[in-house]
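Taking it in order: structure first as structure tokens, then the write-up.
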Amino acid sequence: MTSEELTLAPDAAQALRESQALCYRMNCAIVAPEHLLAACLLRLHAAGAVGLPSPGAIQQALVATQGIGEDPLDRDVIFGSAARDAISAAAAAARAAGERTITARGLAIALAESGECSPMFFASLGISRRELADVLRAA
């Protein structure tokens, strides 16, 4: 591994898989930033992070902003460009901080700060994106 290469921490890798699983359950073929942030928040909540919205609130916010498709998927779920941009932002932030690993927490902070997630998602969560980023930094 070169000094520029980054790895995904197990919790971040699990959040990426969970974002795809959320899409399958919601009959949505493209992972949006909201799916990825929801998956990170659910992973962090399960790991005991405090101050985050509840899993129920996270699920409700995701449904409110992304909806649920009528027809079951018959193809693979892919990451949309906005979700990929947010992952790239997390990688850049990790590099800038001298880190070699992207964590679910780092990914969630990058997603909250990226502006890629809909303001309605944060409104549905009952927390602003800046407040969420602050809570995540303290976690």
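Please report, in cubic angstrom per residue, the volume enclosed by the convex hull of the alpha-carbon atoms of segment 57-139.
So the per-residue hull volume is 110 Å³.
For the chain, what does the helix formula give at 222 nm: sum of -39500 (n - 2.57) over DSSP H segments with n ≥ 4, over the residue count, nearest 500 deg cm²/dmol?
Calculated at 222 nm, the ellipticity per residue is -19500 deg cm²/dmol.
Between ALA97 and ALA21, take the C-beta separation as r, use R0 = 22 Å, and let me know the FRET efficiency to the nearest 0.05.
E between ALA97 and ALA21, to the nearest 0.05, is 0.15.
Show me 104-114, 84-94 ranked by packing, highest mean number of other Cβ atoms within 10 Å first. Kindly include the intermediate steps, with their values, before the conclusion.
On the way: 104-114: 25.5, 84-94: 18.7.
Listed from highest to lowest mean packing, they are 104-114, 84-94.
Dipole magnitude of the chain about its Cα centre, charges +1 at Lys/Arg Cβ and -1 at Asp/Glu Cβ only, in debye to the nearest 20?
Once rounded to the nearest 20, the dipole reads 300 debye.
Within the set of other residues whose C-beta is less than 10 Å from the C-beta of CYS40, count the net charge using Lys and Arg as +1 and Asp and Glu as -1.
Values: positive: ARG43, ARG105; negative: ASP11, GLU18.
So the environment of CYS40 carries a net charge of 0.
Could you please rank GLU34, GLU116, placing first whichever residue has the fewest other Cβ atoms within 10 Å of its Cβ?
In increasing order of surrounding Cβ atoms, one gets GLU116, GLU34.
Quickly work out the ALA64-to-THR7 label distance, labels modelled 7 Å from Cα along the C-beta direction, and quote it in nm with one decimal.
So the label points at THR7 and ALA64 sit 3.9 nm apart.
Can you compute the modelled spin-label distance between VAL50 and ASP134, with each label point 7 Å from Cα toward Cβ, in nm?
Going by the 7 Å Cα→Cβ label model, 1.7 nm.
Give the Rg (one decimal place) followed by the Dmax (whole number) of the chain, computed from C-alpha coordinates and expressed in Å.
14.3, 46
Kyte-Doolittle mean at least 0.0 and Cα extent at least 18 Å along the axis: which DSSP H helices of the chain qualify?
Helices meeting the criterion: 33-46, 81-96.
Coordinate-derived values only; no laboratory data. Quantities reported herein were computed from a predicted structural model and do not represent experimental measurements. Glycine gets a Cβ as well: all are built from the backbone with ideal geometry, and neighbour counts include every protein chain shown.
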